[in-house]
1. Tally up the carbon and sulfur contribution to the accessible surface of the range 209-320 as a whole percent, 1.4 Å probe, everything protein left in place.
2. What are the extents of the Cα atoms of the range 191-316 along their three principal axes, listed from largest to smallest and rounded to whole Å?
3. Within the set of other residues whose C-beta is less than 12 Å from the C-beta of Cys224, count the net charge using Lys and Arg as +1 and Asp and Glu as -1.
4. Which of the residue pairs Lys234/Lys314; Lys80/Lys260; Lys87/Lys262; Lys262/Lys314; Lys80/Lys262; Lys117/Lys262 have a Cα-Cα distance greater than 23 Å in the structure shown?
5. Please state the Cα pair-distance histogram of the range 239-304 with 10 angstrom bins from zero: what percent is in each bin?
6. Could you give each residue of the range 219-231 its phi-based ³J(HN,Hα) in whole Hz, using Karplus coefficients 6.51, -1.76, 1.60 with θ = phi - 60°, and x for Gly or Pro?
Amino acid sequence: MAEAEEDCHTDLVRTDDSERSGEANLQAELQMFRAQWMFELAPGVSSSGLEPLPCRASSREPGLKSVDARGTQEIAKEEKAKELFLKAVEEERNGALYEAIKFYRLAMQLVPDIEFKITYTRSPDGDGVGKRCAEDSKEDDKMADLLTDFQQQLTLQESSVKLCQPEVHVSQTHISALPMEVLMYIFRWVVSSDLDLRSLEQLSLVCRGFYICARDPEIWHQVCLKIWGRSCNKLVPYASWRDMFLERPRVRFDGVYVSKTKYIRQGEQSLDGFYRAWHQVEYYRYLRFFPDGQVMMLTTPEDPQSIVPRLRTKNTRLLK
């Protein structure tokens with residue numbers, strides 16, 4: 001009996017010792033886990049505590065590759081959208097509106113804001129425009145030299161020689177017999193209140209004398225006063241009154257301003273609901289200005305070839 005109690009007491013002591021050792025081991029493992037966890041939180045240390053962080057990036061390389069692949073796809077999609085959008089612009093310029101709408105729609109389906117991602121460059125004809133401007137300036141210099149040359153020729157001639165000479169002998173009085181004052185009056189009458197400067201330029205092509213008369217500064221000064229009023233008293237920065245007339249912005253009286261409007265309007269849906277019609281609307285607006293301040297305006301679908309000749313005078317009957 002005593003031996004049994006002793007054995008039972010021994011077993012209890014062993015159980016307590018094992019529980020204490022297990023609890024001590026648990027506390028030790030917990031301390032090790034905490035130490036390892038704090039060590040992993042330190043910068044530059046991997047989860048194993050033995051390798052640096054760059055080794056951790058190797059496990060993320062597949063993710064980075066997928067991100068790069070998605071970026072490449074986005075770039076390719078944007079390039080395709082740009083190509084479709086520029087194709088739509090070209091079709092619209094050529095007048096193919098339906099084709100342009102189709103390409104616009106495809107481009108915006110790929111990239112909705114593709115319009116703001118396109119950088120428009122200058123057309124290849126830009127250099128040609130610059131060359132043409134340089135050539136025009138050279139032509140203007142030649143015309144100025146031509147006027148000086150004609151004036152010098154007339155100055156060097158004898159006083160008996162008239163402003164112009166007839167090519168063939170005529171029995172009647174030739175216009176060259178008129179004094180310079182009368183000729184200048186005729187030139188001003190050609191310009192008239194309608195500012196018919198086209199006829200003045202055509203008159204200057206007759207001979208050298210008429211060319212000089214058509215470049216008279218007083219004629220062009222009166223023309224500038226008629227157009228701009230007293231605001232053109234100063235010639236600066238223009239070289240002459242004629243240059244002011246040609247270069248300064250102004251309202252043109254020798255033609256018709258034409259504005260062409262074209263748009264697409266959505267029609268009503270068919271009775272069976274199968275399709276919806278689209279209508280292309282096109283019309284013209286004409287403006288004709290006159291030197292006396294009157295303006296004629298007309299809106300019609302008729303083309304300029306049939307309307308412009310009927311707007312040359314004020315008393316025009318457009319409806320026949």
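1. Carbon and sulfur together cover 52 percent of it.
2. Extents along the principal axes, in whole Å: 77, 31, 25.
3. Overall, the nearby charge balance is +3.
4. On the way: Lys234/Lys314 33 Å; Lys80/Lys260 32 Å; Lys87/Lys262 20 Å; Lys262/Lys314 28 Å; Lys80/Lys262 28 Å; Lys117/Lys262 26 Å.
Pairs exceeding the cut-off: Lys234/Lys314; Lys80/Lys260; Lys262/Lys314; Lys80/Lys262; Lys117/Lys262.
5. In whole percents, the pair-distance histogram is 17, 27, 23, 16, 9, 6, 2, 0.
6. Couplings: 4, 6, 5, 5, 5, 5, 5, 5, 8, 9, x, 6, 6 Hz.
The values are calculated or read from the model by the stated rules, or taken from the named source; none is laboratory data. If you're wondering where the values come from, they're calculated on a predicted model, not measured in any experiment. Using ideal geometry, Cβ is built from the backbone for each residue, glycine included, and neighbour counts are taken over all protein chains shown. The accessibility values were calculated without ligands, DNA or RNA, using every heavy atom of the protein model including side chains. Shrake-Rupley method; radii C 1.70, N 1.55, O 1.52, S 1.80 Å.
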